[in-house]
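So the structure is just underneath, and the comments pick up after that.
None of the figures in this text is laboratory data; all of them are computed from the coordinates on show. On a predicted model such as this, the values are computed, not experimentally measured, just so you know. All Cβ positions, glycine included, derive from the backbone under ideal geometry; neighbour counts span all protein chains shown.
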Amino acid sequence: MDWLTNFKLPIGPWAKTAVNWLTSNGKEMFDLLKVVLQAGIDAILFVLQGPFSSEQGEYAYALVMIALITLLSWYLRRSVGVAVFTLLGLLLIVNQGYWQETTETLALVLAATAVSMAVGIPLGIAAARRPLFYAFLRPVLDLMQTIPTFVYLIPALILFGLGMVPGLIATVIFAIPAPIRLTRLGIISTPESLVEAAQAFGGTPAQVLRKVELPFATPQIMAGLTQTIMLSLSMVVIAALVGAKGLGVPVVRALNTVNISMGFEAGLCIVVLAIILDRLFRSSDEGEGA
């Protein structure tokens, strides 16, 4: 077996060379991307946290945001149970003293979800229309879903530095296969008879996509949205390891200090936030209730 081990493929050095090349030749591009992504996160945080610097102002604004989110939950779901759970869950988070961390986590999740859906839906449509493209894309998606997260945290940290952006990039890499796969599944599941009828009435490919395939695929796309949100939330703790703020920070701190109380409190806040987001964005055919 010596011949097999003596001629080791330099996969690690190749990866290092690629990252070094990106660092040397793409610094301006990555700096611009970091600024754009950080600006998006900051904008979401400004809406969620408000411009107040005093504790009283932050507390009052938190109550206003809780009221607005509760009203939004009622508007989207038309369910008293969902609205009540949203209200009580967010009040519990404030009661435990984790409102600021929750808004930071929510900003990261919303930003990662927006990027994942903005990129994932067009790629899913292209994969449905081009089988050869999906044949190339499929192993890449498998790699993104199975490779340990810490592996691509290293180049993300090198390229973007500490902060929310590398956590966002790692979250997008982990979550984006869901909207791609589910969008493709929804498009290819459209009955052929519907597509042929639209084409018989003179529909262009763009019109068939917009008026037939996308409406039929909407439940699958919404399922991809909820999956993306849940996958993004599962990255909260890992993102904290590269400087991302949010509920992952007290979890990591509790792990380092063996603080059971802090870990359970922060973990419960993550669970409450996950349930609220799932109830808000789940497809209507999955049922209601908190």
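Points to keep in mind about this one:
- If you take the Cα centroid of segment 36-115 and the Cα centroid of segment 176-200, the two points sit 35 Å apart.
- Potential lengthening between residue 143 and residue 278 on full extension [0.36 nm per residue; Cα-Cα distance subtracted]: 46.0 nm
- For trypsin sites (Lys or Arg not before Pro), the sites in segment 75-173 that DSSP calls loop and that have at most 14 other Cβ atoms within 10 Å are 78.
- Approximate spin-label separation residue 150-residue 42, in nm, with each point projected 7 Å along Cα-to-Cβ: 3.3 nm
- A straight Cα-to-Cα reach below 30 Å connects residue 34 with the lysines 16, 245, residues fewer than 8 places away in its own chain not being considered.
- Screening the chain for DSSP H helices whose Cα atoms reach 15 Å or more along their own axis and whose mean Kyte hydropathy is at least -0.5 gives 11-25, 27-49, 55-77, 80-96, 99-129, 131-146, 149-160, 164-175, 177-188, 214-234, 260-281.
- Where labels lie 7 Å past Cα in the beta-carbon direction, separation of residue 28 and residue 96 in nm: 4.7 nm
- Convex hull of segment 129-188 built on C-alpha atoms - directionally averaged projected area, nm²: 4.5 nm²
- Amide H partners (placed H, <5 Å) of residue 247, local residues excluded: 105
- Take 18-26, 137-145 and order them by the average number of nearby Cβ atoms within 10 Å per residue, most first; the result is 137-145, 18-26.
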